[in-house]
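**Student:** Take this structure, written in C-alpha cells, and hold onto it; I'll ask about it next.
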Amino acid sequence: MVNKLFISDCEGPLSLNDNAFELSGHFIPQGEEFFTRVSQYDDFLVEEIKRKDYHAGDTLKLIAPFLKAYGATNQKIIDFSKENVSLLPGARSTLQLVKSMLPSYIVSTSYQQYINALCQVTDFSYENTYSTTLDLEKINIQNEIESLKQFKEDIVNGADFKAMDEIFFKKLTSMESGKLIDAVITVGGEGKKLAVQEILKKNHTLDFMYVGDSITDVEPLRFARENDSLAVAFNGNEYAIREANIAVISPHSIVTSLLVDLYYKFSAEYVFQFVDAYAANPQRALANFRVSIPLLEEFETVFKNKDLPRLELISGDNQQDLIKMSREYRKKVRGEAIGGLG
C-alpha cells in the first residue's frame, strides 16, 4: 500500500479562473476594480497588519454582501460557475492520473459552487474537496442595499486603508451584512493548513505533495516543506515561492503529472533529485530518471518546438529570480488582472 497523498489548490494549478474576481465583474458594476482593491486590502491585513482572526482569502467573506446587493443568488452563482470553468491545459488528464495513483484532494479558497462545477467538468469527487461555504439566502440585507452600493463606490473611487477598515470592521459589523460576512466560512491560509492536517489524519500519513500558487497557500506549503514533503509552487506569486521547495513555471499541467508519477513510484527525495537534474539539463534528466514512457511522450508532444517549462528547487540563491519569472509568467498564463492578485 502506498501511504502517500496528493493535495492541490484549484485556481492556478488546475484552472485559470479566479471565480470570485469573475463573479464580482459579472454582478457588480466596476466589479473587477472593486475586487482587486478589496484583495489588496486583504493582503495588507494578512502580511502587514497581521490582524488577529483574519486569514488570507477572507476577501471572499468581505465581498459576499456586495454580490447579494447587486442581485447574485446561490443559483445564479452556480449557473455562472458552470458556464465559466476554464481549465489549465492538461488539468483534466492530470486529475485522472493522480486519482488513479494516490488518494487525491482539492483544497481551495474558491466558493463551493465553483468547486462543485469544476468537479463535474473533470469527474473529480466533490467529497474529496474543501472549499469556502457561501449561502447568500441565509441573511436578509434588503434594507441595506443602497448603503452597500455607496460603500462599493467609495472603495472603487480610492478609499484608503483607514476608510476601508471603517467600512468593513465598523459600519458593516453593525449591520445585517456583517452577519452574512460572518456566515461565510473560508478555506484559506490557516484554514487550508487545517484542511490538509485533517486529510493527513484521515489517511494516517504525513507523506504528501501539496501544490499551490498564492497567498492562501502559504501555510499549507510551509507545513509541507517543514515536514519533508513536496511543496510545489505552480506559477506561484512571491508568497507561494517563498514557502515552497519546488517551483514550476509552465503553461501545462503535464509537469505536475511527471512529479506525481515519480513521487508515487519512488519518493519525495527522488523527486528532489529529478528536479535538481532537470534544472541543470532537462533532456538528460528526462532520459536518465524513470519517467513513465506515456508521460514522457506526452511531455515531448506538448512542448514540441516550444520553450520547455522551468522546474527548479528553490533556494536562497535563486528565490528572487524565480519570484520574478514566476510572477510574470503567472500573468501571461492567467491574464494581467487575475495574475496580479495575491
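The values are calculated or read from the model by the stated rules, or taken from the named source; none is laboratory data. These numbers were taken from a predicted model, which means no experiment stands behind them. When we count neighbours, we look across all protein chains shown, and the Cβ atoms used for this are built from the backbone with ideal geometry, even at glycine. These accessible areas exclude ligands, DNA and RNA; they are computed on the full protein's heavy atoms, side chains included. Shrake-Rupley method; radii C 1.70, N 1.55, O 1.52, S 1.80 Å.
**Student:** Grab the strands (runs of 3 or more DSSP E) fully contained in the range 226-316, keeping just those with 2 or more residues being within 23 Å of Lys99 (Cβ to Cβ).
**Tutor:** Here the list reads 230-234, 246-249.
**Student:** Somewhere in the range 200-216, is a residue touching an Asp or Glu at 6+ places or on another chain (Cβ under 7 Å), in contact (Cβ under 8 Å) with a residue 12 or more places away in the chain and of a type in the set (Asp, Glu)?
**Tutor:** Looking through the range 200-216, at least one residue is touching an Asp or Glu at 6+ places or on another chain (Cβ under 7 Å), in contact (Cβ under 8 Å) with a residue 12 or more places away in the chain and of a type in the set (Asp, Glu).
**Student:** Still on this structure, I have one more. In the range 146-162, how many residues are assigned to a helix (DSSP H, G or I) and either under 13 Å from Glu32 (Cα atoms) or free of Cβ contacts under 8 Å to residues at least 24 places away in the same chain (or both)?
**Tutor:** Qualifying residue count for the region: 8.
**Student:** Are any residues in the range 168-204 surrounded by 14 or more Cβ atoms within 10 Å (Cβ to Cβ) and closer than 16 Å to Lys68 by Cβ, and if so, which ones?
**Tutor:** Residues satisfying the conditions are Phe168, Leu172, Met175, Glu176, Ser177, Gly178, Lys179, Leu180, Ile181, Ala183, Val184.
**Student:** If we keep just the residues of the range 312-342 that are among the polar types (S, T, N, Q) and surrounded by 13 or more Cβ atoms within 10 Å (Cβ to Cβ), which is nearest to Thr109 (Cα to Cα)?
**Tutor:** Once the filter is applied, the top-ranked residue is Ser326.
**Student:** Okay, next question. Which one is modelled with the lowest pLDDT, of the residues in the range 1-21 that are under 23 Å from Asn227 (Cα atoms) and polar (S, T, N, Q)?
**Tutor:** Asn3
**Student:** Return only the number of the condition from (1) within 18 Å of Glu219 (Cα to Cα); (2) free of Cβ contacts under 8 Å to residues at least 60 places away in the same chain that Gly57 does not satisfy.
**Tutor:** Among (1) within 18 Å of Glu219 (Cα to Cα); (2) free of Cβ contacts under 8 Å to residues at least 60 places away in the same chain, the lone unmet condition for Gly57 is (2).
**Student:** Which of the following residues is among the small types (Gly, Ala, Ser) and either in contact (Cβ under 8 Å) with a residue 60 or more places away in the chain or under 30 Å from Lys61 (Cβ atoms) (or both): Ala240, Ala279?
**Tutor:** Ala240 is the lone residue from the list that is among the small types (Gly, Ala, Ser) and either in contact (Cβ under 8 Å) with a residue 60 or more places away in the chain or under 30 Å from Lys61 (Cβ atoms) (or both).
**Student:** Shifting gears a bit: Output the residues belonging to the range 132-163 that are under 26 Å from the mean Cα position of the chain (by Cα) and farther than 23 Å from Gly71 by Cβ.
**Tutor:** Phe161, the sole residue that qualifies.
**Student:** Do the conditions hold for Ala268, that is, is it over 23 Å from Val333 (Cβ atoms) and open to solvent by 40 Å² or more (accessible area, probe 1.4 Å)?
**Tutor:** no
**Student:** State all residues of the range 282-308 that are open to solvent by 40 Å² or more (accessible area, probe 1.4 Å) and touching a residue at least 40 places away in the same chain (Cβ under 8 Å); if no residue qualifies, say none.
**Tutor:** Within the range 282-308, Glu298 is the sole residue that qualifies.
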